[in-house]
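Input: a single structure, listed below in structure tokens.
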Amino acid sequence: MMTFTKVVLFTDRDGRAKFRDEDVALTEGNPQAMLSKISPSSGYQLRHSPVGFRSQWHCTPSAQWVFILRGEMEIGLRDGASRVFKPGEHFYAADLLPEGASFDAALHGHWSAQRGGEPLVTLFLKT
């Protein structure tokens, strides 16, 4: 069976953001164009971030796909891990603030930053 790798940024049981890879089965279509099942979405946003952009620590407000259209985006985690995503790459941001918790910048969330010599252009697809 063919699969698509979904990179997921999520909140673990300890309240910290982490990455994991999940397989999405490509069970639709035909041998020339294998497709996943259709997933619901509720809209999208485009973002332009200038060279030098870096966010503060934050949680994703609602689950969303993030697709890198131009430039490079680095995501940093509390444990010191980070990943750089380049044009054509993606991740699924679902590191939501745990239910009932108040945001604690020393524990929760991630930061994002533009990397490289050109502005960062991203597409956020809300789920």
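Laboratory data are not the source of any read-out in this text; all were calculated from the coordinates shown. All values derive from a computational prediction rather than experimental measurement. Glycine also receives a Cβ, built like all others from the backbone with ideal geometry; neighbour counts cover every protein chain displayed.
See the values below:
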read-out	value
Amide H contacts under 5 Å for R70, placed H, 5+ residues apart	V121
GNM result for the chain, Cα springs below 10 Å: residue of K18, K37, K86 fluctuating most strongly	K37
Calculated FRET value between F53 and L125, using beta carbons and R₀ = 25 Å, to 0.05	0.80
Cα-based convex hull volume of the range 1-45 per residue, rounded to whole Å³	123
Candidates D104, D12, D23, ranked by Gaussian network fluctuation over the chain, Cα under 10 Å, top entry	D23
Amide proton proximity set for F85, modelled H, under 5 Å, gap of 5+	M73, E74, I75
Of (1) 48, 38, 27; (2) 53, 53, 19; (3) 57, 31, 22, the label for Cα extents along the principal axes in Å derived from the coordinates	(1)
Highest-fluctuation residue, V51, V24, V84 considered, GNM on the chain with Cα pairs under 10 Å	V24
